[in-house]
2 protein chains.
Amino acid sequence: MNGKVTTTRTKLERGRSALGPALELVHTGRAPTRAVLTSELGVTRATAGAVAAELEALGLIRVDSSPGSAAGSQGRPSHRLAVRESGPVAVAAQVHADGFRAALVGLGGRLVATAPGCTTITADPAQVIGEVVDDCARLLRDSGLRCVGAGLAVPSAVAEPEGTALNPLHIAWPAGAQVREIFATCVREAGIEGPAFTGNDVNLAALAEHRHGAGREAQHLLCVATGHRGVGGALVLDGRLHTGSSGLALEVGHLTVNPEGRPCHCGGRGCLDVETDPLAFLTAAGRTPGPEESLLKQSGDLLRNEYEDPAVRTAAEELIDRLGLGLAGLVNILNPDRIILGGLHRALLDADPERLRAVVADRSLWGRSGSVPILPCTLDHNSLVGAAELAWQPVLDDPLGALA
Amino acid sequence: MNGKVTTTRTKLERGRSALGPALELVHTGRAPTRAVLTSELGVTRATAGAVAAELEALGLIRVDSSPGSAAGSQGRPSHRLAVRESGPVAVAAQVHADGFRAALVGLGGRLVATAPGCTTITADPAQVIGEVVDDCARLLRDSGLRCVGAGLAVPSAVAEPEGTALNPLHIAWPAGAQVREIFATCVREAGIEGPAFTGNDVNLAALAEHRHGAGREAQHLLCVATGHRGVGGALVLDGRLHTGSSGLALEVGHLTVNPEGRPCHCGGRGCLDVETDPLAFLTAAGRTPGPEESLLKQSGDLLRNEYEDPAVRTAAEELIDRLGLGLAGLVNILNPDRIILGGLHRALLDADPERLRAVVADRSLWGRSGSVPILPCTLDHNSLVGAAELAWQPVLDDPLGALA
DNA sequence: GCAGTTTGTTTAGTTGCGGCACAAACTCAG
DNA sequence: CTGAGTTTGTGCCGCAACTAAACAAACTGC
């Protein structure tokens, strides 16, 4: 009986079924009071009250009973629901080309503590991840808070279900590094409680922006961002990250945006990847690119500080046109209701929002789908917050089970 | 109290929660017995039995208690669950460039009855839809079966939430025709019971293939198909059609697949739309294209019957290469776990499957995501069956509520 | 000060479903 | 042919999550 292969689904989840959805509403700031919870969950006031009480008993939320805490227009004022400040936290880590960073993130995407981090990384994934996890463990020890799990953001695609980093183009890691396994091992050895998760940084940034930033309430959120080199994409559908069947979706860098463009390592030419990244911008503006790990800052500074320079402006407009063409292609395929841009793309949007929106509307097939709002990302450390979201997810799905 | 704006969610669905999932399992042929139902739903045998009894009482399924109906390996044989032959049906209608068609479709995608249909259509949507709905009503009257609703497949994008046909390129309908409203009105006036739905034909074909055809069990199913002109796409995610935020997703025809290609009405050049459709094939093969509404047949016949002709073969290989490039682009963005091709693309796949698979694998970024299975569609009248799926959906979601 | 409105809580009643025991229908070994 | 083993189907009990309804509380406005 125990050697038997159990079948697909096994949902023995008893207990309050609305507990998870309720927590998610508080987590994303969409349920300020028990009254809202009642209507939003479609349950009776009795049930909503019981659910809130249970979440409070779990130490996750706080019911602010102080009088006048939520003065409404009429009738009895409702008590305010808020995430508990001294509640559990998720451990978040991020590795990128110019270093790593660690943080503790509470419910609601609240940054509880951050470590200054390191500004250079080595070619050994195990060493880098080990160091950042040590930072995490130190933060956690100092805070004295309970931990629900850990999340790591890496600047490469993460293959499912193996959890290997596939294209560490920007950092000198070996292809196929078992980042998930390495991270999970480090987390366990550091004595950090809870499960460990790993994801791509742009994906996690998108998730964070959807829950707590410029992507709130969007049903079909598309994010596009540059690092120092290349372009990354992410899609959040109905509140869940869409990573495709093996984690490799939204590899948007190889849409053709310039038929006469420069050749790309993918075999094509004029790809979004090589036409709209910081290196492309610096080259187009006639500047000498600095070291690899500072291209993003160099190009962003150039765009913000020297936009009056005709060469800079012309280069920016060229990139905006190319980016718009790429976004239009994505709009035709994904039909999002919001687009969020990060990195240099965000700076390009800030430089001339009208031009970018016009190109997207012009080059997407339907005017209406091309008029999708295009916004800059708004969250600090969004990849870190997104990494924490991974760790929070089991709690959001089943608070009782995860905190048992 | 009644003028009040009710809030978002209102789930007062009482009753058996597993009723819908259970029906869906039988509908898609994944639950042949109550024992399978038990494990698949993750409930006890008692509950699964009660659920099956309730579905039988609703007249939707049949429990075959005849001895030996499901001889297993060991233990007590289980009774077979099947859709009831004389159960309710959905009314399905399809309009395309070379005519229209009507059918009745039972659970499990079973074609109960079909009308021969018409081979030409007029420029007035209301007239065409009225005629095909009349055919539907006649079929339904003759059958004497109960009707759960109606679905219509049209060869154009359908904008949400208005239900307007946006690009009737292939049929001479006015842009922005209110096809959903027209269809719903016709259905009501014809005395056909239940709600009426309208969708794009390629989307509905994909849905049908996912439920009953070559797309079974796929989590991320991508479909690409040609009509007479242009290319359509569809994506089924976790069993649900992904139509984007306003119904305009998967407009895949304007991926660039040939930088030096012919200009496209979208403003670009070398788009999938103009490089891989039947007209492109006939032109490349040096044949004179016949009338618009027979391009698909003409090109398919040419490909199947004259593949030995060097000009035909060369043209086919060129189209396969372009199609492969387009599919690779989609693979990079969507990372599907299965691809299904229809129309001329299906014929191209049949002609040289190895070449197509090789191109996709070569031009997609990750070998592993490029090795996705590419299959021909297998279902007859898949758009019709898909249209019926729309009408069945409310029943699958909540059998008790929909058949109350 | 009282009516009106909205929120929170208590109580009782309903019901879906897990757990369990038992019956039923088959295979296989001897 | 018989009995042990295995899997499926069903009846019964009890838990607990939920709704419904009544009541209490806290505000506004006249």
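The numbers here are math on the coordinates, done by the rules we state, and not lab data. Computed from a predicted model, the values in this text were never measured in an experiment. Every residue, glycine among them, receives a Cβ derived from its backbone with ideal geometry; neighbour counts consider all protein chains shown.
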For this session: Evaluate the charge dipole of chain A about its Cα centre and quote only its size in Debye, nearest 20, assuming +1 on the Cβ of each Lys and Arg and -1 on the Cβ of each Asp and Glu.
Result: 1400
Problem set entry | Stretch in chain B that is longest and holds no trypsin sites (Lys or Arg not before Pro) that DSSP places in a loop and that have at most 13 other beta carbons within 10 Å | B:15-404
Problem set entry | Distant-in-sequence amide H partners of A:Gly149 (H built 1.01 Å from N, under 5 Å) | A:Val91
For this session: Mind computing the radius of gyration and Dmax over the alpha-carbon atoms of the range A:19-71? Å is fine for both.
Result: 10.3, 28
Exercise. Expressed in nm to one decimal, what extension gain is obtained for the pair B:Gln178 and B:Thr288 from 0.36 nm per residue of sequence separation less their Cα-Cα distance?
Worked result: 36.0 nm
Exercise. With axes computed from alpha carbons, what is the tilt in degrees of helix B:45-57 against the longest principal axis of chain B, rounded to the nearest 10 within 0 to 90?
Worked result: 80
Exercise. What residues qualify as long-range amide H neighbours of B:Cys377, i.e. H under 5 Å apart, gap of 5 or more or another chain, H built at 1.01 Å from N?
Worked result: B:Leu341
Exercise. What is the set of long-range amide H partners of B:Arg80 at a cut-off below 5 Å, with H atoms built 1.01 Å from backbone N?
Worked result: B:Asp64
Seminar exercise, completed: Along the range B:34-44, Karplus-curve 3J(HN,Hα) (6.51, -1.76, 1.60; θ = phi - 60°) to the nearest Hz, with x for Gly and Pro, reads 5, 5, 5, 4, 4, 6, 5, 8, x, 10, 7
Problem set entry | Local electrostatic count, B:Ala190, Cβ distance below 12 Å [Lys/Arg +1, Asp/Glu -1] | -2
Exercise. How many percent of all Cα-Cα pairs in the protein assembly as shown sit more than 36 Å apart?
Worked result: 51
For this session: Taking the Cβ of B:Arg34 as the centre, find all other residues whose Cβ is under 15 Å away and add up their charges (Lys, Arg: +1; Asp, Glu: -1).
Result: +2
Exercise. At A:Pro161, label 7 Å along Cα→Cβ: distances to the other copies, nm, ascending?
Worked result: 3.8
Exercise. What net charge is computed for the residues neighbouring A:Ala102, neighbours being all others with C-beta under 13 Å from the C-beta of A:Ala102, Lys and Arg scored +1, Asp and Glu -1?
Worked result: -1
Exercise. Expressed as an acute angle from 0 to 90° and rounded to the nearest 10, what is the orientation of the C-alpha long axis of helix A:310-334 relative to the principal long axis of chain A?
Worked result: 50
Exercise. Sorted from shortest, what are the nm distances separating the label point of A:Thr47 from equivalent points in the other copies, each placed 7 Å from Cα along Cα to C-beta?
Worked result: 1.6
Exercise. How many nanometers, to one decimal and shortest first, lie between the label point of A:Thr122 and those of its other copies, if labels sit 7 Å from Cα toward Cβ?
Worked result: 8.0
For this session: With θ set to phi - 60°, apply the Karplus curve 6.51 cos²θ - 1.76 cosθ + 1.60 along the range A:125-136 and write out the HN-Hα couplings as whole Hz, x wherever there is a Gly or Pro.
Result: x, 4, 5, 4, 5, x, 5, 5, 5, 4, 4, 4
Problem set entry | Loop GluC sites (Glu not before Pro), the range B:269-342, which have at most 12 other Cβ atoms in a 10 Å radius of their Cβ (DSSP) | B:Glu308
Problem set entry | Most mobile listed residue (B:Ser364, B:Ser246, B:Ser294) in chain B, GNM with C-alpha springs under 10 Å | B:Ser246
Seminar exercise, completed: GluC sites (Glu not before Pro) in the range A:164-204 lying in a DSSP loop, each with at most 16 other Cβ atoms within 10 Å of its Cβ, come to A:Glu193
Seminar exercise, completed: Karplus ³J(HN,Hα) for the range B:150-165 (6.51 cos²θ - 1.76 cosθ + 1.60, θ = phi - 60°; Hz, whole; x = Gly/Pro) runs 9, x, 10, 9, 10, x, 7, 5, 10, 6, 9, x, 6, x, 9, 7
